[in-house]
Amino acid sequence: MTKKLLSGRFKKTTHRLVDEFNASISFDKRLYKFDILGSIAHTRALQRARVLTKNEAARIISGLKAVEREITSGKFRFTPEDIHTAVEKRLTEKIGPLGGKLHTGRSRNDQVALDVRLYLKDQIREIVWLLHKFKASVVEVADKNLGVIMPGYTHLQRAQPVYLTHHLLAYYEMFTRDTERFFDCLKRTDAMPLGSGALAGSPYNLDRRVIAMELGFARITDNSIDGVSDRDFAVEFLSTAAIMMMHLSRLSEEIILWASQEFGFIELSDAFSTGSSIMPQKKNPDVAELARGKTGRVYGNLVALLTVMKGLPLAYNKDMQEDKEPLFDTIDTVKGALRVFAPMLKTMKVNKDAMREATKSGFLNATDAADYLVKKGVPFRDAHGVVGAVVAHCINRGKTLEDLTTVEWKGFSKEFGPDIKGAVRIERSVNSRKIHGGTAVTEVAKRLKDAKAEIKKGCC
Ligand code: ARG
């Protein structure tokens, strides 16, 4: 049983189990800097509104700063229930009853909305930076391997040859969209809710725009009920993170496949691989596997918050305290994954001979043979059928298209001439796709140049 901190209305102290159940201090303590920052801004606004004298405001602010120092130095003893009450309680212990004036014209409802927005804004910036560094590593590997040809796949079956650079730059496009989405989410997070009070707004003359400016917000929220009950920005962040992890998971899957003996396309550095406790020969791509696995918890966090919010009547409900752990866990997971992926990519060895070798079987140039006939006036559907028969012929005889003589080709269509040999060369196939966004080296080099410039410039 503990003495009630927040109310004189109760005759009984709260049951110990209720205190335990209610408490969020174990996880929301990470908001302390922003909670204190918000309280300092609120104190200044109270002074400007003439609720506090200059001297009172100064004493509260120096008290808050002292509490912050205590927390930063690890001396602070966190007590239930949450970071807001913990800071206020300690402030009052330090400066006396004056501490009780801090919460004038404010509720924990607008306070917590402010703290989470401040924290998330800070974290989005950090994530965008880590994403940028990760994208730089993707571009670096793409640049280093310009000219390496590999099979492109559909249905995980060899389909058409592509440049490895082209394949990697596909990830660059995905992660660039993720960066844009984070910036977009930042816009919605960048609204200052203080002044919304419990839900109906504050009766004090708090200059909300000045508070917003002081705290570095682009604007203020326009409806006090929405100000305390909106968690869209957090849901948006979680969905953006989920999409980003989906991309990272797809890349992970390819790294895992490519590092297998079946593919042998890459070798991860020893520093980014792990061994087996029993099989001495093993070199496992644990980092990629874990990133793929952790994608599950990030999806889970998104679904958790969507589910918390779905049935809530306006305005604040205690359910909303459940926004924090999914948010914090996602932030930690995304940051951890991005941090380890950049050096892992940069240190992996690309086995370009194995990639090139893999383009030799699987008839990756079959479409080119059909396109050859199209150029001679054969309708594509007919050409498709003819080349299908050629492929079947080759499979039966254990041959590739390159092995066939002109006479053999002619047996399938009189339109085939001696130049079919050149038309089915793998290099020719790749470089024939000069269309914007295609895999021809001219196109890939152009996009690579842009990507390098974007990375250098630091733009998304
Ligand atoms: N710890 C609470 C949360 O995270 C703070 C807001 C509490 N508000 C309230 N009316 N009980 O949501």
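Figures for the structure shown
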{"item": "Residues located in region 392-427, provided they are touching a residue at least 12 places away in the same chain (Cβ under 8 Å) and in a helix (DSSP H, G or I)", "result": "393, 394, 401, 402, 406, 408, 409, 420, 421, 423, 426, 427"}
{"item": "Criterion (at pLDDT 95 or above, of a type outside the set (D, E, K, R), within 17 Å of residue 362 (Cα to Cα) and outside any loop (DSSP other than H, G, I, E, B)) met by exactly one of 374, 387", "result": "387"}
{"item": "Filtered residues of region 299-322 (kept if within 9 Å of the ligand (Cβ to nearest atom), open to solvent by 60 Å² or more (accessible area, probe 1.4 Å) and in a helix (DSSP H, G or I))", "result": "318, 319, 322"}
{"item": "Conditions (1) closer than 30 Å to residue 168 by Cα; (2) open to solvent by 40 Å² or more (accessible area, probe 1.4 Å); number of the one not met by residue 377", "result": "(1)"}
{"item": "Given (1) out of contact with any strand residue (DSSP E or B) (no Cβ under 9 Å at 6 or more places or on another chain); (2) at pLDDT below 95, index of the condition residue 436 fails", "result": "(2)"}
{"item": "Odd one out for residue 47, checked against (1) within 16 Å of the ligand (Cβ to nearest atom); (2) in a helix (DSSP H, G or I); (3) surrounded by fewer than 20 Cβ atoms within 10 Å (Cβ to Cβ)", "result": "(1)"}
{"item": "Residues located in region 440-460, provided they are part of a loop (DSSP other than H, G, I, E, B) and either open to solvent by less than 10 Å² (accessible area, probe 1.4 Å) or of a type in the set (Gly, Ala, Ser) (or both)", "result": "440, 458"}
{"item": "Looking only at region 50-80, and only at residues there that are within 16 Å of the ligand (Cβ to nearest atom) and open to solvent by 40 Å² or more (accessible area, probe 1.4 Å), the one that is modelled with the lowest pLDDT", "result": "80"}
{"item": "Answer residue from region 347-360, given it is over 11 Å from residue 426 (Cβ atoms) and in a loop (DSSP other than H, G, I, E, B) and is least open to solvent (accessible area, probe 1.4 Å) among those", "result": "348"}
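To keep it simple, each residue is scored yes or no on (1) part of a strand (DSSP E or B); (2) aliphatic (A, V, I, L, M); (3) within 18 Å of residue 255 (Cβ to Cβ); (4) within 16 Å of the chain's Cα centre (by Cα).
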| position | (1), (2), (3), (4) |
| --- | --- |
| 132 | no, no, no, yes |
| 136 | no, yes, yes, yes |
| 140 | no, no, yes, no |
| 159 | yes, yes, no, no |
| 175 | no, no, yes, yes |
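The values are calculated or read from the model by the stated rules, or taken from the named source; none is laboratory data. If you're wondering where the values come from, they're calculated on a predicted model, not measured in any experiment. Glycine gets a Cβ as well: all are built from the backbone with ideal geometry, and neighbour counts include every protein chain shown. Note: areas computed on protein heavy atoms with side chains; ligands, DNA, RNA excluded. Shrake-Rupley method; radii C 1.70, N 1.55, O 1.52, S 1.80 Å.
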